[in-house]
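The values are calculated or read from the model by the stated rules, or taken from the named source; none is laboratory data. From a predicted model like this one, the values you see are computed outputs, not experimental measurements. Backbone-built Cβ (ideal geometry, glycine too); neighbour counts: all protein chains shown. For the accessible areas, the whole protein counts, side chains as well, though only heavy atoms, and no ligand, DNA or RNA atoms are used. Shrake-Rupley method; radii C 1.70, N 1.55, O 1.52, S 1.80 Å.
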Amino acid sequence: MRIPGGPLAFQSRHPPAPLTEDEEAALVFAGCGITGHALADLCYAEGEGGNIMGGLVARTIASGDGLQTVSLVVTNDEVTYLVRRPRELPANEIPELIELGRGPAFTELYRRCRVKIKDGRAATPSEPLFNINANRWSAHARGTSYFLPVNDLTFMYVNGLLEILNETTGAFILDERNHFLPAGLGRFARRRGGHLEDDPHKGRVATIRQVEQFVTEFVTVEQGMMLQNIGLMAQALGLGGFPNFANHEFGWLQALGFRMQQMPASRYVGAGWLTALGMKLLKRDPLVPYPVGLERDGEMLLKPFCPPCYKSMGDAVRAVVEIKFGATGVFRSAAHGSAWSKHAEVTHQIPPISAASIEATVAYCEYLWIRYGRFPVYMPPYRTVLGFQACHLDAEFYDKFYRPEALGETQRRDFATNTV
């Protein structure tokens with residue numbers, strides 16, 4: 001690499017040394033490797049919330065409801081891969097993949113879980129706001145590997161709605177951009193004989209923005225754990241690296257080849273009709289692209305729970321219910337197994353999601369889609385925040401500018417190995 005100016009200006013005299021497949025595999029395992037089964041030690045009695053779980057296969061990071069909402073993309077000079085999540089892998093292979101992780105056979109596990117989505121490196125433009133100025137000097141440098149978590153907000157969103165819109169929780173959601181009227185849930189209000197608590201004094205009334213902010217933060221925390229683990233593994237391997245800005249609405253997703261749709265900025269931000277008209281007349285209403293899934297060779301690799309991947313939001317909601325309680329679902333099939341010694345005996349006693357909860361969730365989601373044309377309404381279905389760029393370090397740079405203890409012995413040994 002090269003720092004072009006300033007007090008730390010430096011040009012490495014060594015050629016790039018790309019990460020080996022084994023090194024990438026170790027970093028991937030740290031970030032999202034399959035480790036076994038989630039213990040799912042919850043109360044599964046009626047109304048106690050245990051059936052909020054949506055997956056029983058565990059990775060190296062915690063995941064709300066066992067959903068594994070964050071995917072990991074790995075890109076280098078030669079190729080770009082998507083690392084499949086447990087529910088995207090053949091169910092009959094899960095036990096073997098668990099054993100590979102325990103082996104540990106990280107490289108074989110990496111090969112079995114990844115799918116190529118692009119030849120060569122995927123990269124966004126380096127200028128703002130695709131990047132920030134502080135990262136431009138090293139962005140997409142040759143020899144580096146970039147690890148990019150991709151958040152899916154739709155699975156967590158729908159699964160959470162099925163819990164908060166049931167008879168036990170009974171939350172009620174208002175649309176703050178439509179005069180705080182019920183967000184498709186009016187007929188479910190308790191004052192109309194329904195099961196949702198619409199009395200604001202009872203503490204169960206929320207707005208669309210509050211619900212979506214919670215979903216976004218909950219999913220992004222999972223991404224943070226992934227990046228932390230990758231950073232710790234990089235240190236153990238003697239590599240360098242740091243989290244990189246990737247918080248662009250669509251830049252990385254376009255670079256990865258996601259299927260994109262677009263809508264006028266006025267509708268994308270939910271502007272009122274008068275503001276939208278003004279934006280249009282002033283020619284300040286550009287089309288905004290947003291991702292709606294990742295497809296390769298006719299196969300949907302990442303499929304959000306919303307149109308166009310489903311005919312309607314109702315179908316999307318029912319698809320989430322099917323993942324959990326369908327004939328081959330988490331709680332009605334032995335396909336992925338569990339940590340329970342009597343899997344079938346436990347799972348078949350877990351109560352299904354109530355019809356009232358499903359009906360209310362469908363009504364809310366259909367309202368959002370009809371009124372705003374997308375789901376979620378404040379964020380796109382897929383989102384990136386930070387990535388992690390890993391590389392072999394040039395110890396000569398640190399010897400020139402830093403105190404001796406600034407660089408670890410693992411990094412010094414790695415430098416010696418890669419410059420022989």
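Kirkwood-based Rg over Rh for the stretch 1-128 (C-alpha set), two decimals? The partial results should precede the final answer.
Details: Rg = 19.3 Å, Rh = 17.2 Å.
Here the Rg-to-Rh quotient is 1.12.
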Helix 313-325 sits off the longest principal axis of the Cα atoms of the chain, rounded to the nearest 10 on a 0 to 90 degree scale, by 80 degrees
Whole-Hz Karplus ³J(HN,Hα) for the stretch 19-29, in order, using 6.51 cos²θ - 1.76 cosθ + 1.60 and θ = phi - 60°, x for Gly and Pro? 5, 6, 4, 5, 5, 4, 4, 5, 5, 5, 4
Does the stretch 295-356 come out rounded, prolate or oblate by the C-alpha gyration tensor, with a ≥ b ≥ c the root eigenvalues, rounded set by a/c under 1.5 and, if not, prolate when a/b is larger than b/c and oblate if not? oblate
List the GluC sites (Glu not before Pro) in the stretch 12-79 that DSSP assigns to loop (not H, G, I, E or B) and whose Cβ has at most 15 other Cβ atoms within 10 Å. Which are they? E46, E48, E78
Where chymotrypsin sites (Phe, Trp or Tyr not before Pro) fall in DSSP loop in the stretch 314-420, at most 12 other Cβ within 10 Å: Y402
Tell me the accessible surface of S266 in square angstrom (1.4 angstrom probe, heavy atoms of protein chains only), to the nearest ten. 10 Å²
Length-normalised contact order for the chain - Cα pairs under 8 Å, 6+ apart - percent: 23 percent
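Rounded, prolate or oblate: which fits the stretch 107-184, taking a ≥ b ≥ c as square roots of the Cα gyration tensor eigenvalues, rounded meaning a/c under 1.5, else prolate when a/b beats b/c?
oblate
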With all protein chains present and a 1.4 Å probe, the order of V362, V221 from largest accessible area down is V221, V362
Filter the trypsin sites (Lys or Arg not before Pro) in the stretch 1-103 to those in DSSP coil with at most 16 other Cβ atoms within 10 Å of their Cβ, and list the result. R13
Any idea what the dipole of the chain comes to, in debye rounded to 20, about its Cα centre with Lys/Arg Cβ at +1 and Asp/Glu Cβ at -1? 1140 debye
Angle check, please: helix 154-164 long axis (alpha carbons) against the longest principal axis of the chain (alpha carbons), in degrees 0 to 90, nearest 10. 40 degrees
What accessible area, in Å² to the nearest ten, does a 1.4 Å probe give for S126? 50 Å²
Strictly greater than 20 Å: what percent of every Cα pair in the stretch 319-416 meets that? 68 percent
Around R121, what is the net charge, scoring Lys/Arg as +1 and Asp/Glu as -1 over all other residues with Cβ under 15 Å from its Cβ? -1
Taking K342 as the anchor, which lysines have their alpha carbon closer than 21 Å to its alpha carbon, excluding any fewer than eight residues away along the same chain? K324
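Need one word for the chain: rounded, prolate or oblate. Basis is the Cα gyration tensor (sqrt eigenvalues a ≥ b ≥ c); a/c below 1.5 gives rounded, then a/b vs b/c decides.
oblate
Determine the order of I173, I358 by accessible area, beginning with the largest, at a probe radius of 1.4 Å. Spell out each step's value before the answer.
Details: I173 0, I358 40 Å².
These residues rank, largest area first, as I358, I173.
Over 32 Å between Cα atoms, which of K280/K311; K202/K303; K116/K311 qualify?
Beyond 32 Å: K202/K303.
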What ranking of T328, T169, T144, T20 comes out by heavy-atom accessible area, probe 1.4 Å, highest first? T328, T20, T169, T144
